[in-house]
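This is the structure I want to talk about, given as structure tokens.
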Amino acid sequence: MDEFSNLQTIDGEEEIARIVFSPSMVVGGNVAPSAFFLVKLRGDKPEGYLSVWRLALKVPNRENVKFPPRIQGDTLYGYAELNVCDCHNAAVGECRCAVKVNLKSPNQYHAGIYYTKGNERIVGECYDPAFVLFASVLAGQSVLVKI
């Protein structure tokens, strides 16, 4: 069974939240494109999707956001709220994304933004200009909510 067999695309009407840390993901009071970049995780494992919360099931706050920032010195700022349909309809060149949830996960409030360029998945750090512009589009479509 492949890694995507338990994934289901989320309905376009849903709102999602990308947890945002400052200063690396906030510039001038706006969501920075870096909030939507993929990175190398601990142990140099490339990130396969961007983690988001489904706001209809759980709203981020200071008490329930327990994970540390990726970058030392960052602090929890809030979240970038955006509509799933906006994510699914966004495109820069061949770069696109889909918001999916793992049906077998006990945390149904957690979902992932999965990026593709053409027929290939984008995994880990990517500095392709089309992808950087695509992350900028997602940042521009989001609303920054301070918590």
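Please verify whether the range 103-112 includes one or more residues that are under 15 Å from the mean Cα position of the chain (by Cα) and surrounded by fewer than 16 Cβ atoms within 10 Å (Cβ to Cβ).
Yes, because at least one residue in the range 103-112 is under 15 Å from the mean Cα position of the chain (by Cα) and surrounded by fewer than 16 Cβ atoms within 10 Å (Cβ to Cβ).
With the structure loaded, tell me whether Phe36 is within 19 Å of Ile122 (Cα to Cα), surrounded by 16 or more Cβ atoms within 10 Å (Cβ to Cβ) and of a type outside the set (Val, Ile, Thr) or whether it fails that test.
For Phe36, the condition - within 19 Å of Ile122 (Cα to Cα), surrounded by 16 or more Cβ atoms within 10 Å (Cβ to Cβ) and of a type outside the set (Val, Ile, Thr) - is met.
While we're here: Under 7 Å by Cβ, and 6 or more places apart or on different chains, what pairs join a residue from the range 42-60 that is farther than 16 Å from Ala135 by Cβ with one that is of a type in the set (Phe, Trp, Tyr)?
These pairs meet every condition: Trp53/Tyr109; Arg54/Tyr109; Leu57/Tyr109; Lys58/Tyr109; Pro60/Trp53; Pro60/Tyr79.
Out of all the residues in the range 42-74, which are more than 25 Å from Lys117 (Cβ to Cβ), outside any loop (DSSP other than H, G, I, E, B) and modelled with pLDDT of 95 or more?
Of everything in the range 42-74, those that are more than 25 Å from Lys117 (Cβ to Cβ), outside any loop (DSSP other than H, G, I, E, B) and modelled with pLDDT of 95 or more turn out to be Trp53, Arg54.
Filter the range 1-41 down to the residues that are closer than 18 Å to Asp86 by Cβ, part of a loop (DSSP other than H, G, I, E, B) and among the charged types (D, E, K, R) and list them by number.
Within the range 1-41, Asp11, Glu13, Glu14 qualify.
How many of the residues making up the range 6-26 are within 20 Å of Val65 (Cα to Cα) and not acidic (Asp, Glu)?
Total satisfying the criteria: 11.
Moving on. Which one is nearest to Ala35 (Cα to Cα) among residues in the range 97-136 that are in a strand (DSSP E or B) and in contact with a Cys (Cβ under 9 Å, 6 or more places away or on another chain)?
Ile113
The values are calculated or read from the model by the stated rules, or taken from the named source; none is laboratory data. Quick caveat: nothing in here was measured; it's all calculated off a predicted structure. We place every Cβ from the backbone using ideal geometry, glycine too, and count neighbours over all the protein chains shown.
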